[in-house]
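Beneath this line is the structure, given in structure tokens, with notes to follow.
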Amino acid sequence: MNLKGQFPVANLDESQLSKITQLENELRKDTQENIVLIAYDEKDE
């Protein structure tokens, strides 16, 4: 299933990516689950 056209990846800088990674790690630790956060650019059409 290819959703790339429907959900384009957000353009984030290193600092923003680092924040997402930190939150992923916190959630993984808290839940003992393999949490993956995805940032996409929501377009109003």
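No value in this document is a laboratory result; all are computed from the given coordinates. Remember, it's a predicted structure, so these values are computed and weren't measured experimentally. Glycine also receives a Cβ, built like all others from the backbone with ideal geometry; neighbour counts cover every protein chain displayed.
What residues qualify as long-range amide H neighbours of Ile35, i.e. H under 5 Å apart, gap of 5 or more or another chain, H built at 1.01 Å from N?
HN-HN under 5 Å from Ile35: Arg28.
Between Asn11 and Gln32, what FRET efficiency follows from the Cβ-Cβ distance if R0 is 30 Å, with the result rounded to 0.05?
Working: r = 32 Å, r/R0 = 1.06.
After rounding, the FRET efficiency stands at 0.40.
Work out how much length Asp41 to Gln22 would gain on full extension: take 0.36 nm times their residue separation and subtract the Cα-Cα distance, in nm to one decimal. The partial results should precede the final answer.
On the way: separation 19, 0.36 × 19 = 6.84 nm, distance 2.03 nm.
In short, 4.8 nm is gained.
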